[in-house]
Each structure stands twice: as C-alpha cells, then as structure tokens.
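Reading through the structure tokens given below for one structure.
What follows is calculated from the coordinates using simple rules that are stated; it is not laboratory data. The model shown is predicted, which means the values in this text are computed figures rather than measured ones. Cβ placement follows ideal geometry from the backbone for every residue including glycine, while neighbour counts extend to all protein chains displayed.
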Amino acid sequence: MPKTSTAKQTTKTEKVVELLKRSKGASLEELTKATGWLPHTTRAAMTGLRKKGHTVERATIDGVSRYWITTGT
C-alpha cells in the first residue's frame with residue numbers, strides 16, 4: 001500500500017529562508033546546524049537565494065557575521 005502524507009515537508013532551502021527572515025537573521029553556525037550542510041554549502045545556498053531575487057544582507061554583530069533577507073520573494 002503506498003504511503004500518503006498530508007503534511008508538506010520543509011526543504012532545507014525553505015528552512016534557510018525561514019531563519020533568514022527572522023528579525024535578527026541567522027549566523028552561519030545556526031544555518032549549518034539547521035541544515036546539516038558545511039559552511040561553504042550554506043554560503044552557496046545564500047548565493048542561490050540572491051539569484052532567485054532575494055536580497056541577503058550581512059553584518060558583523062558582536063564579532064559574529066549575521067545574515068538576513070531584507071526584500072525579495
């Protein structure tokens with residue numbers, strides 16, 4: 001019997017977008033823990049989001065780089 005699921009599973013990219021849309025954004029460490037990706041893969045995913053029209057900003061706060069989405073889809 002085939003499995004049926006009514007709940008939509010969140011992709012890792014969707015999880016990254018969710019974290020980046022928070023008011024405080026997310027650190028690279030938070031993003032890698034949430035996805036299980038290596039840091040270079042996580043940064044590449046943010047580049048992909050930029051190519052899809054998102055504006056990803058970066059700032060250093062208390063010595064830690066934080067990223068967030070400011071505009072886009």
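Within the range 32-70, the set of residues being touching a residue at least 40 places away in the same chain (Cβ under 8 Å) and under 10 Å from the mean Cα position of the chain (by Cα) comprises Tyr67, Trp68, Ile69. Checking each residue in the range 33-73 for being surrounded by 11 or more Cβ atoms within 10 Å (Cβ to Cβ), in contact with a helix residue (DSSP H, G or I) (Cβ under 9 Å, 6 or more places away or on another chain) and under 12 Å from Thr13 (Cα atoms) picks out Ala34, Thr35, Trp37, Thr41, Thr42, Arg43, Ala45, Met46, Gly48, Leu49.
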